[in-house]
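Single-structure report; data block below.
The values are calculated or read from the model by the stated rules, or taken from the named source; none is laboratory data. Just so it is clear, the structure is predicted and the values come from calculations on it, not from any experiment. Glycine also receives a Cβ, built like all others from the backbone with ideal geometry; neighbour counts cover every protein chain displayed.
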Amino acid sequence: MKRAVVVEDFEPLANVWKKMLQDLGFNDVTCYPCADSFNSGEQDSKLIDLVLLDINLKNNTNGIELARSIRSVNLASKIVFVSMHHDDYYIEQCKPLGISGFISKSMPRELIQMGLESIMHTEDDFLELRPVF
């Protein structure tokens, strides 16, 4: 069974991510609105195959800090940041955490799906999908 977690504070978008992951073959997809909800709901994060994280979450929580927390107990899960903030500053903050990718929410759905498929089928590569200006 493939398991994914989405940490996204905008519920309609969390539902889009959930449907997309189900379409990609994830049997168990759980959505959380903030880092605090994830921390209290995921006692065993070692069993998660993929985590999609927004960078800026409600309640002044931060996806980057949550990724650090996940990495402290779980090196195997693929972590992908999805954000409207796609400047170099955020990407450079994320890379040292050993994440698998950074995807801009403004990218077309088809590209996002292809990117997630690629991330799940490769090892040690960092995928970056963001607009080029």
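Numbers below:
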| read-out | value |
| --- | --- |
| Enumerated strands (runs of 3 or more DSSP E) restricted to region 22-133, each holding at least 3 residues that are within 25 Å of Met1 (Cβ to Cβ) and touching a helix residue (DSSP H, G or I) at 6+ places or on another chain (Cβ under 7 Å) | 28-32, 50-53, 78-83 |
| Residue within region 75-88 that is in contact with a strand residue (DSSP E or B) (Cβ under 8 Å, 6 or more places away or on another chain), at pLDDT below 85 and either surrounded by 15 or more Cβ atoms within 10 Å (Cβ to Cβ) or within 22 Å of Phe126 (Cβ to Cβ) (or both) present | yes |
| Residue within region 20-38 that is surrounded by fewer than 18 Cβ atoms within 10 Å (Cβ to Cβ), under 13 Å from the mean Cα position of the chain (by Cα) and under 27 Å from Pro131 (Cβ atoms) present | no |
| Residue that is nearest to Thr122 (Cα to Cα) [pool: residues in region 61-74 that are polar (S, T, N, Q) and surrounded by fewer than 19 Cβ atoms within 10 Å (Cβ to Cβ)] | Asn74 |
| Meets criteria (out of contact with any strand residue (DSSP E or B) (no Cβ under 9 Å at 6 or more places or on another chain) and not aliphatic (A, V, I, L, M)) for Gly25 | yes |
